[in-house]
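The values are calculated or read from the model by the stated rules, or taken from the named source; none is laboratory data. As the structure is a prediction and not an experimental result, all values here were calculated from the model. Glycine also receives a Cβ, built like all others from the backbone with ideal geometry; neighbour counts cover every protein chain displayed.
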Amino acid sequence: MKSRPTRHKTPGERFPEAGPTGKKIFILEANPLFRENLTRVLNQEKDLAVIGAASTADDALKAIPLLAPDLVLADISFAGNGPQFVKDLRAMNRNMKVLIISANAKPSQADRLLRAGADGYILKHEDPDEVAVAIHDVLAGQIYVSEEVLTRPK
């Protein structure tokens, strides 16, 4: 079976649908299908604009300073040391918001990342509208944690 070429965004490449008015979002997500769907969903929000994405933590750390997003939506499960990645983002820009998106509902995971400086923690299986709510809450200065994580026994 012949493989198809994969479309990759290079670090710092802007997405064509990003407009000048909304809050700027950067997505770190290894799964290309999930990353593209998140981009589509978030770009439907009138006040949000996905300005870039990366599939690796290294690419994200190169692109984020160039793009200066207001919020980084990051799946850190593949980034190795998630808390260190969050600290690296914080060192770049203390005002930039960091929302973790994860399949891991363990409260201890969310707690480690929030203590490292993340502004929120949402689960990947949440409804797309809830992801938008989480982003808006975090951009407004609130801490957001998925209800399932909050109510799960430690």
Selection status of Asp75, at negative phi and under 12 Å from the mean Cα position of the chain (by Cα)
yes
Would you check which residues across region 99-132 are in a helix (DSSP H, G or I) and farther than 21 Å from Gly82 by Cα and list them?
Pro128, Asp129, Glu130, Ala132
Considering each of Ala30, Ala63, Ala53 in turn, give the residue that is at pLDDT below 95, farther than 21 Å from Gln142 by Cα and surrounded by 13 or more Cβ atoms within 10 Å (Cβ to Cβ).
Ala30
Of all residues in region 103-148, which are touching a residue at least 40 places away in the same chain (Cβ under 8 Å) and hydrophobic (A, V, I, L, M, F, W, C)?
Ala105, Val131, Ala132, Ile135, Val138, Leu139
Condition check: closer than 13 Å to Val72 by Cβ, of a type in the set (Val, Ile, Thr) and not in a helix (DSSP H, G or I). Does Ile135 satisfy that?
no
Only one of Ser146, Ser77, Ser102 that is hydroxyl-bearing (Ser, Thr, Tyr) and in contact with a Leu (Cβ under 6 Å, 6 or more places away or on another chain):
Ser146
